[in-house]
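**Student:** Before I ask anything, let me first share the structure, which is written out below as structure tokens.
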Amino acid sequence: MPSLVDFHIHIDYYKNYREMYDYFNRNKTYALFVTNLPEIFEKCKREFPDNKYVKIGLGYNPQLAKTHQFNMRLFDKWLPHTKYIGEVGLDYSKEFIATKTEQQRAFQYICKRAGETNKIMSIHSRMAEKDTLEILIENRVKFAVFHWYSGSKSLLKEIIRNGYYLSVNYSMLTSIKGLNIIKAVPLDKLLIETDAPFGKSDIKGKSYNLPVIYKEFEEKLQIKNFSSIVLSNLKRLLIEQKQYGLRNDFK
């Protein structure tokens, strides 16, 4: 069986975070460990050893804009130390719309730096999908993955047209709207995430059951070798990012 992929997980929110971190290396499962603040990224980089399977994303979650000012200096300090930026984005839902201006200011800067440095982004866009996409395009971000997308199908087509990917999860699979979104994503633009522990991943008595989640996707979408497809998509994204960087180096 090919290695599984979880492209958006908050390992630091688990009480047994060390055990969770070790799980991926032990099971040869690729994971994007997203963080919510540059300060958290810094702590995690010092806490967890580098390994082949877990990569830590440098983040600034828009839901924290009210309580935590974006630390631009610390973001720039750690940016050269990762290929991934996440979790970042915009959130215009009722609870967070009051910080819209602060969110946009931070996200504009993050996208500017991501575009300049050829990073892969994991994007939060709840009820702000249009502005999120416009800011990505404006800053010439080449590599972005929309996490837990819940916007319109028409905008989804624009996201795909611009070459971006989507990471989808079990919570989406088990809702009518989420399932319709998943089915509208071309297979070659699809990655799997759990968004655990916030998204549902505790299935059949296990607190984190990624193999069963993949099996559920296979059955519901009626797609064989689904894990191979997802792994192939991740590898393609990484190759695209590397080749684009090499082309720019020789301009």
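The values are calculated or read from the model by the stated rules, or taken from the named source; none is laboratory data. None of the values given here were measured: they were computed from a predicted structure. Positions of Cβ are backbone-derived with ideal geometry, glycine not excepted, and every protein chain shown enters the neighbour counts. For accessibility, only protein heavy atoms count, side chains too; no ligands or nucleic acids. Shrake-Rupley method; radii C 1.70, N 1.55, O 1.52, S 1.80 Å.
**Student:** GNM, the chain, Cα, under 10 Å: largest mean-square fluctuation among N36, N169, N209?
**Tutor:** Highest fluctuation among the options: N209.
**Student:** Continuing with the same structure: Using a Förster distance of 35 Å, how high is the FRET efficiency between R236 and K100, based on the Cβ-Cβ distance and rounded to 0.05?
**Tutor:** My answer for the efficiency is 0.50.
**Student:** Next question, about the same structure. Label K224 and Y17 with points 7 Å out from Cα along Cα→Cβ: what is the distance between them in nm?
**Tutor:** Label at K224, label at Y17, 4.3 nm between them.
**Student:** Now for a separate question. Of the heavy-atom accessible surface of segment 194-246 (probe 1.4 angstrom), what whole percent is carbon and sulfur?
**Tutor:** Reported share for carbon and sulfur atoms: 51 percent.
**Student:** Continuing with this model, one more query. Taking a spot 7 Å from the Cα of K112 along the direction of its beta carbon, which residues of segment 51-80 have an amide N less than 19 Å from it?
**Tutor:** 59-62, 69-80
**Student:** Also, quick follow-up: Using the basic label-point model (7 angstrom from Cα toward the beta carbon), what is the D188 to T29 distance in nanometres?
**Tutor:** Once both label points are built, they end up 2.9 nm from each other.
**Student:** So how far, in whole Å, is the C-alpha centre of segment 1-45 from the one of segment 85-146?
**Tutor:** Between the Cα centres of segment 1-45 and segment 85-146 lies a distance of 22 Å.
**Student:** With only Lys, Arg, Asp and Glu charged, each at its Cβ (+1 for the first two, -1 for the last two), find how big the charge dipole of the chain is about the Cα centre; round to the nearest 20 debye.
**Tutor:** Using Cβ point charges on Lys, Arg, Asp and Glu, the chain gives about 440 debye.
**Student:** Taking only the Cα atoms of the chain, how large is their convex hull per residue, in Å³?
**Tutor:** That works out to 130 Å³ per residue.
**Student:** Could you look at segment 31-86 and say what percent of its accessible area is carbon and sulfur, using a 1.4 Å probe and all protein chains?
**Tutor:** Here carbon and sulfur together make up 52 percent of the probe-accessible area.
**Student:** Also, quick follow-up: Helix-derived [θ] at 222 nm for the chain: sum -39500 (n - 2.57) over DSSP H runs of at least 4, divide by residue count, nearest 500?
**Tutor:** Estimated from H runs of four or more residues: -13500 deg cm²/dmol.
**Student:** Picking from V145, V185, V34, which is most flexible by a Gaussian network model of the chain using Cα springs under 10 Å?
**Tutor:** V185
**Student:** Would you mind working out the accessible area per residue for the chain, using a 1.4 Å probe, and quoting it in Å²?
**Tutor:** I get 50 Å² per residue for this part.
**Student:** What accessible area, in Å² to the nearest ten, does a 1.4 Å probe give for E102?
**Tutor:** Spelled out: E102, probe radius 1.4 Å, area about 90 Å².
**Student:** Next up: With respect to the cross-link table entries K43/K83; K142/K189; K77/K235; K189/K242; K183/K242; K130/K235, which display a Cα-Cα separation exceeding 22 Å?
**Tutor:** Violating the 22 Å limit, Cα to Cα: K77/K235; K183/K242; K130/K235.
**Student:** Can you send over the solvent-accessible area of M127, 1.4 Å probe, protein chains only, in Å² to the nearest 10?
**Tutor:** Solvent-accessible area, nearest 10 Å²: 120 Å².
**Student:** At R0 = 30 Å, how high is the FRET efficiency between S207 and S150 if r is their beta carbon distance? Nearest 0.05 is fine.
**Tutor:** Efficiency at R0 = 30 Å is approximately 0.75.
**Student:** For the pair E158 and F198, how long in nm is the line joining their label points, each one 7 Å along Cα→Cβ?
**Tutor:** Inter-label distance under the simple model: 2.3 nm.
**Student:** Right, next: Restricting to Cα pairs below 8 Å that are 6+ residues apart, what does the relative contact order work out to for the chain? Please round to a whole percent.
**Tutor:** Contact order relative to length: 18 percent.
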